[in-house]
Amino acid sequence: MDDKLMLMIPGPTPVPEKALLALAKHPIGHRSGDFSQIMAEVQENLKWLHQTQNDVLILTASGTGAMEAGIINFLKRGDRVLCGCNGKFGDRWAEVATAYGLNVEIISAEWGQPLDPEKFREVLEADTEKQIKAVIITHSETSTGVLNDLETINRHVKNHGEALIIVDAVTSLGAVNLPIDEWGLDVVGSGSQKGYMIPPGLAFVSVSPKAWEAYKTADLPRYYLDLGPYRKTAAKNTNPFTPPVNLFYALQVSLQMMKAEGLENIFARHHRLMTMTRDAVKGLNLPLFAPDHAASPAITAVCPPESIDAEKVRSIMRKQFDIVLAGGQDHLKGKIFRIGHLGFVCDRDILCAIAALETTLQQLN
Ligand SMILES: *Cc1c(COP(=O)(O)O)cnc(C)c1O
């Protein structure tokens, strides 16, 4: 049915009406005082959301742009970096780092399992010459529904002392506690179409003073994603290039909504949605792809009943119930489907999706 489509994918996520209406306004000049006022407000609220006093820079890009910027601005050609790979996004950051000529060492775990912090400890402790310059971790690995133990891995990075910690928080920011200053996270990337509850198009990078120190000697090629000009212009509440002005209207509204709800409540809601989803899936006797102790609060990956293609489940959910679920990526295509519960999602959405899933399964056998 037209206009009834319910997005339950891990981005783009549903957008509240207030933000949609904000998008519909006329654009204004991005060098105007009115725009600077919006910029000042959103910058302050982004710091609140990120629990940091660090710069939180805003780019016109998708989440990948934020991560690429986060990697290339603080490293030198040939630098040794550790990449945690246990899914599609972890693999992507290893590809980006390789593309820029970094010396990439991968610490992997099976897709569906969390990264083992002990492996990071071993490699970091063995690096007595402090050659490892960065550790790149995907906090919530969206392709598998796994939440990696960033807090523990980061503790090992802090004990190493030299390496920066660069975090893909694209589906963890605004879903689970990520206290940037308390943990001392150097670079944290995210994107507007996830926990921010607005359409795709903006990307965010939080940068610590330690990372800015590294910026001074970094030598990888960069231009549009050079974070220096973003920092300089952000201090004057403006941008180096033309920003998507209407997305800023929507961001202003969505951050106000998040502030009104409060961080604790937002995290509690995501935790509840995750628990509801996982309990219901267990009740339907379907295996969950990620273990309980490493479950992402943003997305739940589910294995269909044996002999049923996950794409078949998605197709019925989409056609008959107007609910869009995500499929498996790469070798997981057909093997799992993924239920997004990130951003503007309430308990009712989960109840609907589960009821539709149960009916779908009945139809399939
Ligand atoms: C969505 C997502 C990204 C960014 O993907 P884009 O398509 O570039 O926005 C990065 N990491 C994770 C874990 C994601 O879920």
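FYI, it's all coordinate maths here, none of it is from the lab. No experiment lies behind these values; they were computed from the predicted model shown. In this analysis, Cβ positions are derived from the backbone assuming ideal geometry, glycine residues included, and neighbour counts consider all displayed protein chains.
Each Cα pair under 8 Å and six or more residues apart adds its separation to the average, and for the chain the resulting relative contact order is 25 percent.
Rounded if a/c is under 1.5, else prolate if a/b is larger than b/c, else oblate: which is the range 119-240, with a ≥ b ≥ c the root eigenvalues of its Cα gyration tensor? In terms of gyration-tensor shape, oblate. Note on the range 24-68: Rg/Rh from C-alpha atoms, Kirkwood Rh, equals 1.03. For the chain, the 222 nm mean residue ellipticity estimated from helices alone, with every DSSP H stretch of n ≥ 4 adding -39500 (n - 2.57) and the total spread over all residues, rounds to -13000 deg cm²/dmol. Remark on the range 33-129: hydrodynamic radius 15.9 angstrom, per the Kirkwood mean of 1/r across alpha carbon pairs. Across the range 1-150, the mean sequence separation of Cα contacts (distance under 8 Å, 6 or more residues apart), normalised by length, yields a relative contact order of 19 percent.
Spin-label model, E162/M1: points 7 Å from Cα along the beta carbon direction are separated by 6.2 nm. Between the beta carbons of L364 and E110, assuming R0 = 25 Å, the FRET efficiency works out to 0.35 to the nearest 0.05. Put a dot 7 Å past the Cα of A355, heading toward its Cβ, do the same for D330, and the two dots end up 3.8 nm apart. Is any residue of the range 208-246 close enough, with backbone N under 14 Å, to a label point placed 7 angstrom from the Cα of E151 along the Cα-Cβ axis, and if so, which? Those under the cut-off are none; the list is empty. Of the residues N154, P16, A99, the one whose Cα sits farthest toward the positive end of the charge dipole of the chain, with +1 on the Cβ of Lys and Arg and -1 on the Cβ of Asp and Glu, is P16. Look at the alpha carbon pairs under 8 Å that are at least 6 residues apart: their mean separation over the length of the range 226-349 gives a relative contact order of 19 percent. Full extension of the chain between D279 and Q53 yields a length gain of 77.6 nm, computed as 0.36 nm times the residue separation minus the alpha carbon distance.
In this calculation the C-beta distance from E17 to E306 is compared with R0 = 41 Å, giving a FRET efficiency of 0.50. Highest average first, the peptides 60-73, 306-319 ordered by how many other beta carbon atoms sit within 10 Å of their residues are 60-73, 306-319. Within the straight-line cut-off of under 29 Å between alpha carbons, the lysines reachable from K282 are K4, K88, K194, K312, K319, K333, K335, sequence neighbours fewer than 8 places apart in one chain being disregarded.
Highest mean packing first, where packing is the average number of other Cβ atoms within 10 Å per residue, the peptides 86-92, 109-115 line up as 86-92, 109-115. Take the Cβ atoms of Q256 and E213, set R0 to 35 Å, and the FRET efficiency comes out at 0.55. The packing ranking of peptides 6-13, 259-266, highest mean first, is 6-13, 259-266, where packing means the average number of other beta carbon atoms within 10 angstrom of each residue.
Ignoring lysines fewer than eight residues from K210 along the same chain, the ones with Cα atoms less than 18 angstrom from its Cα are K47, K76, K130, K133, K158, K232.
Largest first, the three principal axis extents of the alpha carbons in the chain are 61, 54, 33 Å in whole numbers. Among the DSSP helices (H) of the chain, those spanning at least 24 angstrom by Cα along their long axis with an average Kyte-Doolittle hydropathy of -1.0 or more are 33-50, 245-261, 263-283, 347-364; this is a geometric and hydropathy rule only.
Would you mind pulling out the separation of the Cα centroids of the range 256-278 and the range 322-365, in Å? Each part's Cα centre sits 19 Å from the other's.
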